[in-house]
Amino acid sequence: MAGRRRMVSSVPTLLEAAKGSDATIRPAALKQAGELGGPAELPTVLALLVQSKETADLEAAEQALATLSGKAEPDVAASMLATTWSKTEPKQRAALVRVLASLGGQSPSKPSVGA
């Protein structure tokens, strides 16, 4: 419902719900936070991606990151995603690669992601 009304003031509450114990609410809250939030939410959503163990949570984090990254300056978003690389496991890295790819082609200022 918050998404339909574009209630950006609900983003902090949604992010708290995305950290909660309810496996049904977490992904839905994360997706809505991505829709309603802005670049300022990237660090929190990246942290949630790193913590994601369940497939639904990981997919929701990826979707939220792609949406939020699209609202940020591409170089800034790419840099933030790349700095998270070393903290992730293979499934999380695959999500980061897909989000980075959605940002577009490489520019000289975009960091390369190493193993």
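The values are calculated or read from the model by the stated rules, or taken from the named source; none is laboratory data. Please read these numbers as outputs of a predicted model, since none were measured by experiment. Heads up, the Cβs are rebuilt from the backbone with ideal geometry, glycines too, and the neighbour counts pull from every protein chain shown.
See the values below:
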read-out	value
Every pair of residues 6+ apart whose Cβ atoms lie under 7 Å, when the first sits in the range 92-108 and is farther than 27 Å from residue 53 by Cα and of a type in the set (A, V, I, L, M, F, W, C) while the second is assigned to a helix (DSSP H, G or I) and modelled with pLDDT under 75	none
Residues located in the range 25-42, provided they are assigned to a helix (DSSP H, G or I) and either of a type in the set (D, E, K, R) or more than 16 Å from residue 57 (Cβ to Cβ) (or both)	26, 31, 35, 36, 39, 40, 41, 42
From the options 20, 70, residue that is assigned to a loop (DSSP other than H, G, I, E, B) and not aliphatic (A, V, I, L, M)	20
